[in-house]
Amino acid sequence: MIRVLFASWYTGLGGGETDLLTLARAMDRSRYEPHLLAPAQGSLPDRWRETGSPVHILPYRGASTWFIPALWARFPVVERMTELLRRQNISLVQSDYHTLPLIARAARQAGIPATWTVWGWWFQPKPWQRAFFRQFPQAAARSRAIRAGFLGEPPFMPIERMPVVYAGVDCARFRPGLDGAALRREFGIAAEAPVVAMVARFQRVKGHHTFQAMARRLLEALPATHFIVAGDDVFGVAADQRYRDEILSNARASAPLRDRLHYLGFRRDVETVYAAADVFVCPSEFESYGIANLEAMSCGLPVVSTRRGGPSETIVDGVTGFLVDPGDADALAERVLRLLRDGMLRHKLGAAGREHVRRGFSVEAEAAAHSAIFESLLSLS
């Protein structure tokens, strides 16, 4: 049995953490036993335990983008991590960025391979960090946009050592035909009303303010439209909390939006949010990847997304949805209005999106790609 320790400094449930859970569930349990290392209790450890897999809590501080590798390798928690790896007979470590400077040293001391996944395009190595990142024979990037941002131009290491492994979607969970009627009733939305959905945590880059501007424009053309937004401030960041308060206050103060824009908070049953909607919108100023777009497409929803970053790789403009420039509320409203007025177009793009995800972005494909990396590293050790 190969015991893989997944290390995550984040304990909430954002896109990356949801992906981690989905990947762990999809791994071949006859060969792999996934473990989780986190610095504190939270939604991610709680959900991990529900899968029947071990969780290890070891308090530590996650690295910032300015970390000094030699200094972080000497932190006392590294010894505790090394002891954990040995005690649990861990075979391989899969880390996030913030834990990597600590767990990489622990893995080396325990004599096991380590790899990691880069989720953010902004994790651009400083000159003194490049040798540290070059030491990993294999790592993964969640999109080409992320990899390009991380490696720079020209790349400071061969791009072949950082293959793109797209986060996968559980196409059995996210599928067409789910019942969204109960959610509509919960928020007083008529069965025949057009509904536009958004799923994202509160963070300015996610574009809730652009979604509100789009909603005002749409209500001028289709006053019966409702808007549902799932997600919350999952990481407790002060700036995100202020943004959340600003967005909710603006919605309450707006007469057009007050009864038409519904903030649902965090939803474990996010698939029912897609099921209750006719169109899905991603108004982000930038998306490293944009897993919600793929979940929506897997449910047969047409998507309208900004194009900067991952969505330009996952959405086929005019085939599975539409792409517009970031911050362009008018363009978002125009595309959404077109879809709401044309049921045949919605069905055509939704069906194409479902097939697009099934063929190229399934969780099975993601699990196979990571397994190939794991097996390659184990063969070298």
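The values are calculated or read from the model by the stated rules, or taken from the named source; none is laboratory data. Everything quoted here is computed from the prediction, not taken from an experiment. Don't worry about glycine lacking a Cβ; one is built from the backbone with ideal geometry, like all the others, and counts go over all protein chains shown. Quick note on the areas: whole protein, heavy atoms, side chains included, nothing else; ligands and nucleic acids left out. Shrake-Rupley method; radii C 1.70, N 1.55, O 1.52, S 1.80 Å.
Miscellaneous remarks
- Residue within the range 202-213 that is open to solvent by 10 Å² or more (accessible area, probe 1.4 Å), over 25 Å from Arg341 (Cβ atoms), of a type in the set (Lys, Arg) and touching a residue at least 60 places away in the same chain (Cβ under 8 Å) present: yes
- In the range 126-138, the residue that is surrounded by the fewest Cβ atoms within 10 Å (Cβ to Cβ) out of those that are assigned to a loop (DSSP other than H, G, I, E, B) and without any contact (Cβ under 8 Å) to a residue 60 or more places away in the chain is Gln135.
- Just one of the listed residues (Leu21, Leu36) is touching a helix residue (DSSP H, G or I) at 6+ places or on another chain (Cβ under 6 Å), within 26 Å of Glu364 (Cα to Cα), at pLDDT below 95 and open to solvent by less than 40 Å² (accessible area, probe 1.4 Å), and it is Leu21.
- Every pair of residues 6+ apart whose Cβ atoms lie under 6 Å, when the first sits in the range 333-362 and is farther than 15 Å from Ala277 by Cα while the second is in a helix (DSSP H, G or I) and open to solvent by 60 Å² or more (accessible area, probe 1.4 Å): Ala333/Arg217
- Screening Tyr263 against (1) open to solvent by less than 40 Å² (accessible area, probe 1.4 Å); (2) not in a loop (DSSP other than H, G, I, E, B) leaves a single unmet condition, (1).
- Cβ-Cβ contacts under 8 Å between residues 6 or more apart (or on different chains), taken from a first residue in the range 100-119 that is under 12 Å from Gln135 (Cα atoms) to a second residue that is of a type in the set (Lys, Arg) and open to solvent by 10 Å² or more (accessible area, probe 1.4 Å), are listed as Ala114/Arg108.
- Filtering the range 201-224 to residues that are within 14 Å of Val304 (Cα to Cα) and among the small types (Gly, Ala, Ser) leaves Gly207, Ala215.
- Met162, sole failed condition from (1) out of contact with any strand residue (DSSP E or B) (no Cβ under 8 Å at 6 or more places or on another chain); (2) among the aliphatic types (A, V, I, L, M); (3) without any contact (Cβ under 8 Å) to a residue 60 or more places away in the chain; (4) under 20 Å from Phe374 (Cα atoms): (1)
- Considered as a group, the residues in the range 7-18 that are hydrophobic (A, V, I, L, M, F, W, C) and either modelled with pLDDT of 90 or more or not in a loop (DSSP other than H, G, I, E, B) (or both) include one that is surrounded by the fewest Cβ atoms within 10 Å (Cβ to Cβ), and that residue is Trp9.
- In the range 282-305, residue nearest to Ala140 (Cα to Cα) [restricted to those that are part of a helix (DSSP H, G or I) and either in contact with an Asp or Glu (Cβ under 6 Å, 6 or more places away or on another chain) or open to solvent by 10 Å² or more (accessible area, probe 1.4 Å) (or both)]: Ile291
Quick grid of which residues meet (1) β-branched (Val, Ile, Thr); (2) surrounded by fewer than 18 Cβ atoms within 10 Å (Cβ to Cβ); (3) under 17 Å from Asp96 (Cβ atoms):
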residue	(1), (2), (3)
Gln124	no, yes, yes
Ala140	no, no, yes
Ala145	no, no, no
Gly152	no, yes, no
Val169	yes, no, no
Arg175	no, yes, no
Ala182	no, yes, no
Phe187	no, yes, no
Ala197	no, no, no
